[in-house]
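Here's the structure, in structure tokens; my notes come after.
The values are calculated or read from the model by the stated rules, or taken from the named source; none is laboratory data. Remember, it's a predicted structure, so these values are computed and weren't measured experimentally. Glycine also receives a Cβ, built like all others from the backbone with ideal geometry; neighbour counts cover every protein chain displayed.
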Amino acid sequence: MRTAIIGAGPAGLVLGAALARRGAQVTLVDRDPGPPAEGPWARKGVMQFHHAHEIRSQVVDTLRRELREATSCFSGSEPSPPRCHCRTGRPPWWACGAGAARMSGGARGRRHRTRSDPPHRSVDDVLETVDSAGRHAAGIVIDGDFLEADLVVDASGRSGRVNRDRRAPASSGGICGIAYVDRVYQLAPGAEPGPMVNPIAWQANCDGYQCLVFRHERGIFSALVIRSTDDRDLVGLRHNTAFDAAVAAIPGLAQRADPERSRPLTDVLPGGTLKSACRSQRGPDGGLALPGLLFVGDSVCTTTPNFGRGLATTMLQVDEALPPLDTTVDVGGSVSTTGLTELVEAFDEWTEANMRPWVEDHAVMDESLRRRWAREDLDLSGPRLPSDLMEASRVDERIAAA
């Protein structure tokens, strides 16, 4: 099965490696030329690339099952991969997996990222054809060159443009009204990392904003300040001087960022517009966007980073896409348009039942947080968060007593 994958992020690389190991002829294409020989990797167009990522158990399980070599790229002395990973100048774990994808597929599994390649490889279009099997994907156009494919996978993320006009708009989610900035630090030798309030982070819910600290490897940690986009007074936190002043005034952050205890490794890293969205495999007319075209990863389910679910939902999708390819499609040989159509239809049905609830859950949580910061009345008529009830109990003794 000739497979062209648009986007070499976590979804594209892990799915591509898994398919190559099953005998598929896989080509991954990404407009980013890859990490430089020295210095940090800019990864333009990927808003959260330099921010902390929570690596939940679903991610580790998928990697151990499909791309075990990637788990060796985790740093630190922990016996198991750390829950959070931070970009500090090294390729992240999914870039470590790229080599495995090339090796496992041999000559058939390759990624346009080698030094001899042009600086950028862009997908201009996905071509379709009409034959006895009907309308279906025929391949992709890369920098003007046509690459024939039986299956085209769009793993280009939330900002992918190649197939934008083929798809129906998102059916749930939206801009969440929350923004954040963070800065990465490293503890001085011998300095203690400080307490955590849960297995993932240290967290402080303050009046109008939220603070988080994520611990990484080698004494590295990220300090985040999350705010409402309506609060223009905190926009200046994107500047180092303002961020340092704010951190010094917030108990819990001040002790960790004390110059005697740690040093900053980066400038302040502002986040872009945050939104959640769930999109189907369908086009504006209700039918499949294009038979033989499969959307996966953030191009299907986008959640705001407030609860660290993005990588987990991506790996759940990879896990769901692979079994049908193992049982109903001859990955190592020729495939029928009918078989691929049935696969995409089943994946779309699964997405509706299993991905949409994540997005809807995020919408409730994000809106609740925004309303609380804006000092608006809490809506207790719909789904309620434990934190909402705690806030309500402060003004209504009946709730506190209950």
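Before we move on, is Gly105 of a type outside the set (A, V, I, L, M), at pLDDT 55 or above and either closer than 23 Å to Gln317 by Cβ or not assigned by TED's automatic domain parsing to the domain that holds Leu343 (or both)? Here the answer is no, as Gly105 does not meet what is asked. For region 39-50, the count of residues that are part of a loop (DSSP other than H, G, I, E, B), at pLDDT 85 or above and either touching an Asp or Glu at 6+ places or on another chain (Cβ under 6 Å) or within 28 Å of Asp145 (Cβ to Cβ) (or both) is zero. Of Pro189, Pro264, all but one fail to be of a type outside the set (A, V, I, L, M, F, W, C) and over 24 Å from Lys44 (Cβ atoms); the exception is Pro189.
Identify, please: which residue in region 320-338 is buried (at least 17 other Cβ atoms within 10 Å of the Cβ) and part of a helix (DSSP H, G or I) and is, among those, farthest from the chain's Cα centre (by Cα)?
As a first pass, look at region 320-338 and keep what is buried (at least 17 other Cβ atoms within 10 Å of the Cβ): 321-322, 324-325, 329, 331, 335, 337.
So of that shortlist, the ones also part of a helix (DSSP H, G or I) come out as 321-322, 324-325, 337.
On the way: Ala321: 17, Leu322: 19, Pro324: 24, Leu325: 23, Thr337: 30 Å.
This residue is Thr337.
Report whether or not Ser171 is out of contact with any Leu (no Cβ under 7 Å at 6 or more places or on another chain), surrounded by fewer than 19 Cβ atoms within 10 Å (Cβ to Cβ) and modelled with pLDDT of 80 or more. So Ser171 passes the test.
Conditions tested, residue by residue: (1) farther than 20 Å from Arg161 by Cα; (2) in contact with a Gly (Cβ under 7 Å, 6 or more places away or on another chain).
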{"position": "Ser280", "(1), (2)": "no, no"}
{"position": "Leu316", "(1), (2)": "yes, no"}
{"position": "Pro324", "(1), (2)": "yes, no"}
{"position": "Val331", "(1), (2)": "yes, yes"}
{"position": "Ser334", "(1), (2)": "yes, no"}
{"position": "Thr338", "(1), (2)": "yes, no"}
{"position": "Arg356", "(1), (2)": "yes, no"}
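For region 190-206, which positions are at negative phi and without any contact (Cβ under 8 Å) to a residue 12 or more places away in the chain?
The initial filter retains those residues of region 190-206 that are at negative phi, namely 191-193, 195-206.
Result: Glu192, Pro195, Val197, Asn198, Gln203.
Residues in region 183-198 that are modelled with pLDDT under 90 and either surrounded by 13 or more Cβ atoms within 10 Å (Cβ to Cβ) or closer than 30 Å to Glu360 by Cα (or both): Pro193, Gly194, Met196, Val197, Asn198. Residues that are at pLDDT 90 or above and either surrounded by 14 or more Cβ atoms within 10 Å (Cβ to Cβ) or not in a helix (DSSP H, G or I) (or both) within region 353-368 comprise Asn354, Met355, Arg356, listed in sequence order.
Of all residues in region 17-29, none satisfies being more than 18 Å from the chain's Cα centre (by Cα), of a type in the set (Lys, Arg) and part of a strand (DSSP E or B).
Scanning region 229-250 for residues that are charged (D, E, K, R) and in a loop (DSSP other than H, G, I, E, B) yields Asp230, Asp231. Of all residues in region 196-228, those that are assigned to a loop (DSSP other than H, G, I, E, B) and over 23 Å from Thr266 (Cα atoms) total 5. Look at (1) modelled with pLDDT of 80 or more; (2) not in a helix (DSSP H, G or I) and you find that Asp165 fails only one, number (2). Quick check, is Arg238 on the phi > 0 side of the Ramachandran plot, basic (Lys, Arg) and surrounded by fewer than 16 Cβ atoms within 10 Å (Cβ to Cβ)? No; evaluated as a whole, the condition is false for this residue.
Matching residues to (1) basic (Lys, Arg); (2) within 30 Å of Gly7 (Cα to Cα); (3) free of Cβ contacts under 8 Å to residues at least 60 places away in the same chain; (4) not assigned by TED's automatic domain parsing to the domain that holds Arg135:
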{"site": "Ser222", "(1), (2), (3), (4)": "no, yes, no, yes"}
{"site": "Val235", "(1), (2), (3), (4)": "no, no, yes, yes"}
{"site": "Arg238", "(1), (2), (3), (4)": "yes, yes, yes, yes"}
{"site": "Ser262", "(1), (2), (3), (4)": "no, no, no, yes"}
{"site": "Thr266", "(1), (2), (3), (4)": "no, yes, no, yes"}
{"site": "Ser280", "(1), (2), (3), (4)": "no, yes, no, no"}
{"site": "Pro284", "(1), (2), (3), (4)": "no, yes, no, no"}
{"site": "Leu290", "(1), (2), (3), (4)": "no, yes, no, no"}
